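> Below are the structure tokens for one structure; questions will follow.
Quick note: the coordinates plus some simple rules give every number you see, no bench work behind them. Computed from a prediction, not measured in an experiment: that's the story for all the values here. We place every Cβ from the backbone using ideal geometry, glycine too, and count neighbours over all the protein chains shown.
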Amino acid sequence: MHRKYFFLLVVLLCFSCDYFSFEKNKNEDKLDMNIDYSSVDSSPSFKVCDSIIDKAKKTICFRTTIREEISKSLAKYSIKVKKPVDETIVVTITIQSNKQVKLSKLEASDSLLLEISDLKEMIEKSIDELPEIYPAIKRSIPVTTEYKLPIRIKL
């Protein structure tokens, strides 16, 4: 009789213990599968912006620097036009994870492209002359990003 109680007690202890549970551990670390691919942890950066810690200020520094550098480069060209030009173009720049920078797209009116036939080449050269750009960072990994920069052309 004692054997039956002892056996029943052992069986109850075994099935009530968490160590013998067949369920997955509820405290198990899970990967966050909800990754926001539209934002980055750290935006692309120039060397002059590297010391800035605040994400928003670092992005502003990057945008300001890239605008200044491209404007400086474009100012070197002497462009002659037949009629006055005052237009804003949109330049899409791709910054690769391996630090390569290229012109992806140029949005300008057909009349402007006819008036300044070398515009695309001038902008590409300006992009090639940019100082080294460090790529954007997402989860400690360099990633490719695109930036749209409006450029006002007034001649």
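> Sorted from fewest to most neighbouring beta carbons within 10 Å, what does the list LYS58, LYS105 look like?
Numbers: LYS58 19, LYS105 11.
If I rank by nearby Cβ atoms, fewest first, I get LYS105, LYS58.
> Moving to a separate point now. Any of LYS55/LYS99; LYS55/LYS76; LYS80/LYS148 with alpha carbons more than 23 Å apart? Name them for me.
Violating the 23 Å limit, Cα to Cα: LYS55/LYS76; LYS80/LYS148.
> Using the basic label-point model (7 angstrom from Cα toward the beta carbon), what is the TYR77 to LYS154 distance in nanometres?
1.9
> Quick check on the exposure proxy: order TYR77, TYR5, TYR147 from fewest to most C-beta atoms within 10 angstrom.
If I rank by nearby Cβ atoms, fewest first, I get TYR5, TYR77, TYR147.
> Kindly give Rg over Rh for the stretch 101-155, based on alpha-carbon atoms, with the Kirkwood expression for the hydrodynamic radius.
1.07
> Also: Assuming R0 = 25 Å, can you tell me the calculated FRET efficiency for the pair SER111 and ILE60, based on Cβ-Cβ distance, to the nearest 0.05?
About 0.15, to the nearest 0.05.
> Now for a different question. Could I have the simple spin-label model distance between ARG139 and ASP50, label points 7 Å from Cα toward Cβ, reported in nm to one decimal?
So the two model labels end up 2.6 nm from each other.
> In nanometres, what is the gap between the two model label sites at GLU129 and PHE7, each 7 Å from Cα along Cα-to-Cβ?
Inter-label distance under the simple model: 9.3 nm.
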